[in-house]
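Report on the following structure.
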Amino acid sequence: MEKYLNRKVLFIIPIIFLLVLLFRIFYSYTDTVKQMNEFAHKEAQVLQSHAMAHRNYYQKLYLNKTIPLNKSTLKGLPAYSSYYINQTFSKNNPFNISLQTVSDRARNPKNRADSEELKAIKYFKEHPNTKEYFSANNPNYYQYASALKIQNRCLKCHAQRDDAPEFIRNRYDKAYGYKLGELRGILSIKIPKEKLSNYFIHHFIYSILYDSLAFIVLFLIIYFIAQKSKKINSYLQEAVKQQTQKLKETLVRERLTGLPNRLQFLEDISDSKDKKNRHLALINIDNFKDINDFYGHTVGDALLIELGRKIDTFCNDGHSTVYKLPSDEYAVFTSWDVDAQKFQKRISQLLHKINKSEYLINKNAIFVTVSCGLASNEGSLIIKADMALQVAKNSKANLVIYNHLVDTTENVNKNIRGIALLKDAIAHDKIVPYFQAIYNLHTKKIEKYEALVRIIADNGDVITPYVFLDIATKSKLYHHITYTMIEKTFAFFEKREELEFSINLSIDDICNEKTVAFILQKLSTYHAPHRVVFEILESHEIEDYEDIKAFIQKIKRYESKIAIDDFGSGYSNFSHVLELNVDYLKIDASLVKNISSDENARKIIQTIVIFAKNLGLQTIAEYVEDEDSFKLLSEFGVDFIQGYYIGKPSPLLL
């Protein structure tokens, strides 16, 4: 009888294991699908909250007339820019999420609702008190939407057509006749299922393979034990429980450190939005890429583990949670009843400990510093903490606490407006050269002109480089300006054979092979390349003077000339002038404008003039604005002068 029972038990055990494994697979899959749906919904809610905050902020700028509402600024309106921003956003985010305002009565065809979005609009019209819509019915993507209803501020452009601004009426013949509270459209968020599914299913498959292997090994062990013992039931239950817990944790744990990951972080932040106290610190390792490059990724990974362990141990008070975010970033979050100052003090102590610690990894003693952004009891908590973190990194501060002074929203808006201005100027040929005369102190004649870039706005305003040049450099649009200035300046002076003209080049221009090729091509086809002068600004950005030497050698073949701009400023290097084979030294404006009152400025200018004459170079003084400066520079032996005293920059020559 006992043998029969043992035989029966051994027969039942594999069946039970198989059923349990199948159930685990089924349960894990359904749980993964549920997690994926919940993640999509929560991610959409976070994006909606962020998008609406920005939308309301931009609209407020128009309403309080910080940005005037006119034909030129129309492109900045959220309803207009939504489509273009979405194109870039969809391409650049890892899940290709699409976010756009659409309507069933869209003015712009690009903002017209598709079939899924029309279902959402219909749903909101049938359920006017509902604020959001979420559907997973489409096989390709999740559809989330929030209602956009007509408010008082919307009636200016969407009530009666006759009441709308003239440029709105001229541009659009649709989307009028709305009433207060009526549905205007929706904020549509589409989250593609394929990439999201790949992310979740990838982890699901690895977990299942691991579980299957574990179950097989476990079965063999238990099968062996079952022949010797009757204690299999309790052991099996415990093993199954552990495996179930591990499978669940794989979705919300970061693989390397074992800390809660970004998914868990977003969920916890969202779940805490109704709590009174919320404190968040974002911690980023300074120059972590250098550590990876120098020591290798194995050491870098070990450092991330060690640092995560140190932060987690320090914050192990039962009330705070430490998260490992992507790359080299950590988060410390608490919604416990603790005041902001106490949390800030605790984080400050943590940062001090991190910065003073030595990390011994593979016999390498590594020291790190971190930057931290902290926000307490703020709406959009993650965004505010990240703003503080970016300020900390840029200013090389250890800790920055968010307040209105570190809010970068206005800088972001300014950059967006600047890029829009540049792109519009490039697209509609609004970049033009203005010319400032250069006067020869020996011949008493104007013999040269410097070409200075300007943008002509739609209203006729002349926009100087101060507004757009820095943004042009950062946004990779600078080379378009260089090309345009060369093309137009060469054409302008083509029939003015008695005049030299100069064009400014940056170090980026000289180091850019395409730009250099363009310049050489223009010189090779220009009838008088000997009248062309290129002004180069010597600065700390120069990493290799060999590139500059090579460029100068190439343009010298066409007998073109070189001027060193702003010579005599903080970074001027006399020794490099000897190597670069230049023709002119342009004395820095900061020296010239103080020449009448500053003895040191006069001495420096005289030194530069003597230095230049000994090398056979000519000098040009900029920023000459009065007769006293004119006379002193003439006495010092400066060859040319330039400034308002001679003439302001103008589209025409003097």
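The values are calculated or read from the model by the stated rules, or taken from the named source; none is laboratory data. In this text the structure is predicted, and so the values were computed from the model without any measurement. Positions of Cβ are generated from backbone atoms using ideal geometry, with glycine treated the same way; all protein chains shown enter the neighbour counts. Heavy atoms of the whole protein, side chains included, go into the accessibility calculation; ligands, DNA and RNA do not. Shrake-Rupley method; radii C 1.70, N 1.55, O 1.52, S 1.80 Å.
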Q: Return only the number of the condition from (1) more than 30 Å from residue 30 (Cα to Cα); (2) touching a residue at least 60 places away in the same chain (Cβ under 8 Å); (3) not aromatic (Phe, Trp, Tyr) that residue 269 does not satisfy.
A: (1)
(Q) Among the residues that make up segment 282-292, is at least one of them out of contact with any helix residue (DSSP H, G or I) (no Cβ under 8 Å at 6 or more places or on another chain) and modelled with pLDDT under 75? (A) no
Q) Is it true that residue 503 is at pLDDT 95 or above and of a type in the set (Val, Ile, Thr)? A) yes
Q. When you go through 370, 391 one by one, which is the residue that is on the phi < 0 side of the Ramachandran plot and touching a Ser or Thr at 6+ places or on another chain (Cβ under 8 Å)?
A. 391
**Q.** In segment 545-595, the residues that are β-branched (Val, Ile, Thr), at pLDDT 90 or above and under 24 Å from residue 529 (Cα atoms)
**A.** 552, 555, 562, 564, 582
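From the list 510, 481, 486, exactly one residue is of a type in the set (A, V, I, L, M, F, W, C), farther than 24 Å from residue 549 by Cβ, in a helix (DSSP H, G or I) and open to solvent by less than 30 Å² (accessible area, probe 1.4 Å). Which is it?
The conditions single out 481.
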Q: Please find, within segment 597-628, the residue that is most open to solvent (accessible area, probe 1.4 Å) out of those that are acidic (Asp, Glu) and in a loop (DSSP other than H, G, I, E, B).
A: 625
Q) Using beta carbons and a limit of 7 Å, which pairs, at least six apart or on different chains, have the first residue in segment 346-374 and free of Cβ contacts under 8 Å to residues at least 60 places away in the same chain and the second one in a helix (DSSP H, G or I) and of a type in the set (Asp, Glu)? A) 359/306
(Q) Just checking, does segment 223-239 include any residue being open to solvent by less than 40 Å² (accessible area, probe 1.4 Å) and at pLDDT 75 or above? (A) yes
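Listed here are the residues, each with its yes/no results for (1) in contact with a helix residue (DSSP H, G or I) (Cβ under 6 Å, 6 or more places away or on another chain); (2) in a helix (DSSP H, G or I); (3) open to solvent by 50 Å² or more (accessible area, probe 1.4 Å).
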site	(1), (2), (3)
417	no, yes, yes
424	no, yes, no
437	no, no, no
451	yes, no, no
466	no, yes, yes
469	no, yes, yes
495	no, no, yes
(Q) Residue pairs, Cβ under 6 Å, 6 or more apart or interchain, first in segment 442-461 and hydroxyl-bearing (Ser, Thr, Tyr), second surrounded by 13 or more Cβ atoms within 10 Å (Cβ to Cβ). List them. (A) 449/435; 449/437; 449/501
**Q.** In segment 75-114, residue surrounded by the fewest Cβ atoms within 10 Å (Cβ to Cβ) [restricted to those that are free of Cβ contacts under 8 Å to residues at least 12 places away in the same chain and charged (D, E, K, R)]
**A.** 91
Q) Can you tell me which residues in segment 130-182 are farther than 18 Å from residue 62 by Cα and open to solvent by 100 Å² or more (accessible area, probe 1.4 Å)? A) 131, 137, 139, 140, 160, 162, 170, 171, 173, 179, 180
Q) Has segment 426-434 got at least one residue that is surrounded by fewer than 20 Cβ atoms within 10 Å (Cβ to Cβ), free of Cβ contacts under 8 Å to residues at least 12 places away in the same chain and aliphatic (A, V, I, L, M)? A) yes
**Q.** Subset of segment 261-304 that is among the basic types (Lys, Arg) and assigned to a helix (DSSP H, G or I) - its residue that is surrounded by the fewest Cβ atoms within 10 Å (Cβ to Cβ)
**A.** 289
Q: Read through the list (1) touching a Leu at 6+ places or on another chain (Cβ under 6 Å); (2) closer than 23 Å to residue 173 by Cβ, then give the number of the only condition that residue 86 fails.
A: (2)
Q: Tell me, yes or no, whether segment 28-51 has at least one residue that is open to solvent by 60 Å² or more (accessible area, probe 1.4 Å), closer than 28 Å to residue 201 by Cβ and modelled with pLDDT under 80.
A: yes
Q: Give the number of residues within segment 305-362 that are hydroxyl-bearing (Ser, Thr, Tyr), surrounded by fewer than 18 Cβ atoms within 10 Å (Cβ to Cβ) and in a loop (DSSP other than H, G, I, E, B).
A: 2
(Q) Pairs needed: first member in segment 38-50, closer than 19 Å to residue 252 by Cα; second member anywhere, open to solvent by 60 Å² or more (accessible area, probe 1.4 Å); C-beta distance under 6 Å; at least 6 residues apart or different chains. (A) 41/134
Q: For segment 365-382, enumerate the residues that are among the aliphatic types (A, V, I, L, M) and either over 24 Å from the mean Cα position of the chain (by Cα) or closer than 15 Å to residue 307 by Cβ (or both).
A: 365, 366, 368, 370
